[in-house]
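Values in this text are rule-based calculations from the coordinates and carry no lab data. Everything quoted here is computed from the prediction, not taken from an experiment. Cβ placement follows ideal geometry from the backbone for every residue including glycine, while neighbour counts extend to all protein chains displayed.
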Amino acid sequence: MTAKDQAPGDTGQPPGDTGQVVEDTREVVPLLEPRDGLPPVVETAEELERVTRAMAAGTGPVAVDAERASGYRYGHRAYLVQLRRAGAGTALIDPISCPDLSGLDAALAETEAVLHAASQDLPCLAELNYRPRMLFDTELAGRLLGFPRVALGTLVETVLGLHLEKGHSAADWSTRPLPMEWLRYAALDVEVLIELRDALADMLNAQGKMDWARQEFAAVLNAAPPAPRPDPWRRTSGIHRVRSRRSLAIVRELWEQRDKIAQDMNLSPGRVLPDAAIVEAARALPTSNATLTKIPGFTGRVARKHLPEWLGAVRQARALPESALPDTGGATVASGPPPTHRWAERDPAAAARLVAVRATVADLAAEHTMPAENMLPPDAVRRISWEPPDPPDPLAVEAALAGYGARPWQRALAAGPIAAAIEDPGAHGATIAHPAVIQQADTEPETEA
């Protein structure tokens, strides 16, 4: 689970009407043990059926969490699923032993699921055939409420006055058997999630943002899986040091070979061969095992077992005709605006619009006490600035924003001010911006369709 770091001096409290952070002087109570004790891990079909019946007989929303082994295993599958519901207690399910949660999915079809940073866990839960129809995302609620930090532990401490230990969040959850202290940590992650949900819901209602939150939760549930990135090997760390097309071909072949080995071994690719080793091999152009093993990274326990494959990938890249070598200019995208640092050179007017639109969105976000990226998706900001409707009247801007994924509440608040910013960027503080200024404002990665 991820969240922004808290700035020095912040308490985590949402700003009040004056925009000032409210000091919280409550004593924080450590949350050390599940109130009902630590349940046994569900590992058989019979145990899963018993848990399913108990959850079906429970009342109210169900708290859900999943633990993965990111950085250890290939992909993002779940290695533990935690649930808690009033009247049913807490359940810890081993999805390796119980890989099909379709019975649980049917039993909870009409039940709201409460998750923190739901977009991270929903894909791995869907792989297990559990797909919530109703959602409350506590992290997203915290963002809409203006909390400066929205990590689960921070919100639980700020809102409920309880301290959650988060020491095992980056553990290798594929470990079997799971240590008792890890299981206790996992159970506590859902222990007070319903209480947090109820407190945040009260705040959303008090600020008049509950309808906004419901639209955001629905968007998370209905989001399509991200499209595969073109040329994913180009994301190799340090690839900017690789200059020639031939060397880029070596990066590509080694990356693809590593991905195949990692998938076959169910290991994180970085544990098979580090990115740094791929980049150094592309620069050194090794011709033998002896020269390959002089490169740091190729002598690791896993990498050394596959020296013939690595050398074969390098030889394959060296043998490619010029016409098959990758371009040094990067991956080709089908549509969408270019990276914003190029706007001032390619279209100065668009660069000025971007500055004005961003300033407008930032003002709206401050007015409604939330981050700018939650006020309007950064991709929508870029697209409406690069190719605005003609004429840019509020109705046309609203229609364009709808096409870019903006929710109704966002369009209602932003369409008019953005139309004015596009019509007259100079009136909104925008001039022909220097590329460095535009790039500095980019806090979100580019998403080019």
Practice problem: Give me the number: length gained by fully extending A86 to L395, i.e. 0.36 nm times residue separation minus the C-alpha to C-alpha distance, one decimal in nm. | Solution: 106.6 nm
Quiz prompt | Mean ellipticity per residue at 222 nm, deg cm²/dmol - from DSSP H runs of n ≥ 4 across the chain, formula -39500 (n - 2.57) | solution = -13500 deg cm²/dmol
Practice problem: Eight or more residues apart or on different chains, and alpha-carbon atoms under 28 Å: count the Lys pairs in the chain matching that. | Solution: 5
Quiz prompt | Using a Förster distance of 35 Å, the FRET efficiency for S102-K166 (Cβ separation, nearest 0.05) | solution = 0.65
Self-check item: Global geometry of region 340-441, whether rounded, prolate or oblate, following the gyration tensor of its Cα atoms and the 1.5 cut on a/c
Solution: prolate
Exercise. Add +1 for every Lys or Arg and -1 for every Asp or Glu among the other residues with Cβ under 15 Å from the Cβ of A396, and state the total.
Key: -2
Quiz item: In nanometres, what is the gap between the two model label sites at A412 and L285, each 7 Å from Cα along Cα-to-Cβ?
Solution: 6.3 nm
Quiz prompt | region 234-302: C-alpha gyration tensor shape, a/c 1.5 cut-off, then a/b vs b/c | solution = oblate
Quiz item: Which FRET efficiency value, to the nearest 0.05, is calculated for E27 and E367 with the Förster distance at 22 angstrom and r the Cβ-Cβ distance?
Solution: 0.05
Self-check item: For the chain, with +1 on Lys and Arg beta carbons and -1 on Asp and Glu, the positive-most of V51, A218, T236 along the dipole
Solution: T236
Quiz item: Tell me, what are the semi-axes, in whole angstrom and largest first, of the equivalent ellipsoid of the chain as set by the roots of 5 times the Cα gyration tensor eigenvalues?
Solution: 38, 36, 19
